[in-house]
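J.: Pasting in a structure now, in structure tokens, and then I'll have a few things to ask.
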Amino acid sequence: MRMSAQVSDVLIIGGGILGLSCAWSIASSAPKGCRITLLEANTLSSGTTSQAAALLTRARPSHEMARLVATTFDAIDRLETELNESLPLRKVGSLHISTSDLSNDYLTSTESAARSFDLRYQWLNPNQVQPLSPWLKTQKIKSALLVEDDGYMDPVQLSQAYASAARKKGVQIIQGVSIKDLLVSSQGIQGVLTNQGVFEAPQVVCCAGPWSIKLLHDYDVRLGMAAVRSHYWITEVNHALFPSHAPMVIMPDINAYARPEVGGLLFGLRDQQAVYAFPDQIPASVHGFEFDQDPTGLECLEQQWQGLSDLFPALNDIGLAHYISGISSYTPDGKPIIDETSISGLYVATGCSGGGIAISGGVGEAIANLVLNKTTIGSLETFSINRFGAINPLDQAFMVTCALARSQKKSG
Ligand SMILES: Cc1cc2nc3c(=O)[nH]c(=O)nc-3n(C[C@H](O)[C@H](O)[C@H](O)COP(=O)(O)OP(=O)(O)OC[C@H]3O[C@@H](n4cnc5c(N)ncnc54)[C@H](O)[C@@H]3O)c2cc1C
């Protein structure tokens, strides 16, 4: 007997933070009766979302990016109201420090971004930094800017909040359904073929994270992004060195960031060599995946040890309890892709370049406006799918370009 197709008005591929935020945002503005379905191959937020350090930094040199993050903070407030519970947003602030003249521009542009978004911020002297972040060797610091309104939040809990609020608005979320093919006609997208039959819909939003590259490439939709390594370590617990109220610390001179993590310090280093994976190397589950280059991250740690331990001398004595190596979907300019594709009715939201948790609210809102044909405040041109010209995401040289965008990232 032939299984009959399930029919929806909007179908979302992927139950990571972006799929869930899109589902919630679309359901928030859609006309009554709009049938929205989200399909996730594994379990919700088990993909790259589960690996995030989840820094939510708002003061960004790009106004468009800063606006996406601001919308996430608004979304968190709205989710708390809709769910009638408080979410574990740790509003500890972000401390941006320079240890050389090279990062002066970075600090000044962060300050002007904070000012233009009306965020609370202040310049601190080393004596003021010490009690906030006892692990930092403050003699090395030339200037320090504290953006007080920033914070971090468990990425799985934020995703679950989007999911619960979306379900309350009637979104159907189905796990264990893997999209095998897109159903495309001359009119545009018609739906998807999955391991559980056909799901029809005239509008489909692809939020399949790094898996999107291959899924869409088969239909000649070329996403300008690559699967690039993001990784961090977590030290052993030391409450005196890493108090829970300590701010996140962004260290552009040494390509590093840090934040407290249950009594230890979580610190991430941006690879200075290109570390990336080919799309067909990405397994269904990202956990335990090792990149071909420097698979254990030790080369990177050794290379950047001196700079890091100059600022964090206790690193020479304290143990490292955990190492998390994850996959980020990086574009050459470090900005996401939020757009309708060349297939009518097929949209894409991915390429978050290590910032998908922070921008999740803004991406959801932008996709909802596209799908529902509403106006977005500000232009989405910055995030257009065609902005990189004729690229081939399966070309190794292009992947290196994307990986270098990560190496050069300075902000949180
Ligand atoms: C180590 C690390 C640190 C990070 N730190 C930060 C940070 O500090 N701040 C920040 O904002 N961001 C950070 N990020 C980035 C952030 O994790 C990502 O940008 C974000 O999680 C992307 O979410 P997503 O929904 O696009 O992807 P994912 O969470 O990967 O979701 C995609 C989903 O699609 C599903 N899927 C794929 N193919 C199919 C298919 N064919 N059928 C059905 N389902 C499918 C997958 O199973 C998966 O669940 C970090 C990332 C890493 C790896």
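The values are calculated or read from the model by the stated rules, or taken from the named source; none is laboratory data. None of these values were measured; they are calculated from a predicted model. Cβ coordinates were reconstructed from backbone atoms using ideal geometry, including for glycine residues, and neighbour counts include every protein chain displayed.
J.: Is it fair to say residue 210 is modelled with pLDDT of 95 or more, within 11 Å of the ligand (Cβ to nearest atom) and out of contact with any Leu (no Cβ under 8 Å at 6 or more places or on another chain)? Before you say what the answer is, go through the steps one by one.
T.: On the way: modelled with pLDDT of 95 or more: yes; within 11 Å of the ligand (Cβ to nearest atom): yes; out of contact with any Leu (no Cβ under 8 Å at 6 or more places or on another chain): yes.
Spelling it out, residue 210 is indeed modelled with pLDDT of 95 or more, within 11 Å of the ligand (Cβ to nearest atom) and out of contact with any Leu (no Cβ under 8 Å at 6 or more places or on another chain).
J.: Let me ask you something else. State whether one or more residues within the stretch 22-41 are of a type in the set (S, T, N, Q), within 13 Å of the ligand (Cβ to nearest atom), outside the structural domain of residue 288 (by TED's automatic domain parsing) and within 22 Å of residue 197 (Cα to Cα).
T.: So in the stretch 22-41, the residues of a type in the set (S, T, N, Q) come out as 25, 28-29, 37.
Now restrict to residues that are within 13 Å of the ligand (Cβ to nearest atom): 37.
Now drop any that are not outside the structural domain of residue 288 (by TED's automatic domain parsing), which leaves 37.
Next cut, within 22 Å of residue 197 (Cα to Cα) only: 37.
Yes: one or more hits.
J.: I'd like to verify a number: residues in the stretch 224-245 that are away from the ligand (no atom under 16 Å from the Cβ) and over 15 Å from residue 316 (Cα atoms), how many?
T.: Count: 6.
J.: Name, by its number, the condition in (1) in a strand (DSSP E or B); (2) assigned by TED's automatic domain parsing to the domain that holds residue 213 that does not hold for residue 352.
T.: With (1) in a strand (DSSP E or B); (2) assigned by TED's automatic domain parsing to the domain that holds residue 213 applied to residue 352, the lone miss is (1).
J.: Looking only at the stretch 394-410, decide whether some residue is in the same structural domain as residue 11 (by TED's automatic domain parsing), outside any strand (DSSP E or B), out of contact with any Phe, Trp or Tyr (no Cβ under 6 Å at 6 or more places or on another chain) and modelled with pLDDT under 95.
T.: no
J.: If the requirement is being away from the ligand (no atom under 16 Å from the Cβ) and of a type in the set (Ser, Thr, Tyr), which of these qualifies: 49, 57, 72, 108?
T.: After ruling out the rest, the residue left standing is 108.
J.: While we're looking at this one, here's another question. Which strands (runs of 3 or more DSSP E) does the stretch 160-249 wholly contain that include 1 or more residues that are without any contact (Cβ under 8 Å) to a residue 60 or more places away in the chain? Give the steps one after another, and end with the answer.
T.: Working: elements: 172-175, 179-185, 188-194, 197-200, 203-206, 226-235.
The qualifying strands (runs of 3 or more DSSP E) are 179-185, 188-194.
J.: Related question: Does the stretch 376-387 contain at least one residue that is touching a strand residue (DSSP E or B) at 6+ places or on another chain (Cβ under 7 Å), crowded, with 20+ Cβ neighbours inside 10 Å and over 24 Å from residue 184 (Cβ atoms)?
T.: no
J.: Is it the case that the stretch 373-388 has a residue that's touching a Leu at 6+ places or on another chain (Cβ under 8 Å) and either without any contact (Cβ under 8 Å) to a residue 40 or more places away in the chain or not assigned by TED's automatic domain parsing to the domain that holds residue 212 (or both)?
T.: yes
J.: Moving to a separate point now. Would you be able to say whether some residue in the stretch 117-124 is charged (D, E, K, R) and under 23 Å from residue 56 (Cβ atoms)?
T.: Taking the stretch 117-124 first, the residues charged (D, E, K, R) are 118, 120.
Filter once more, so that each one left must be under 23 Å from residue 56 (Cβ atoms): 118, 120.
Yes, that holds for at least one residue.
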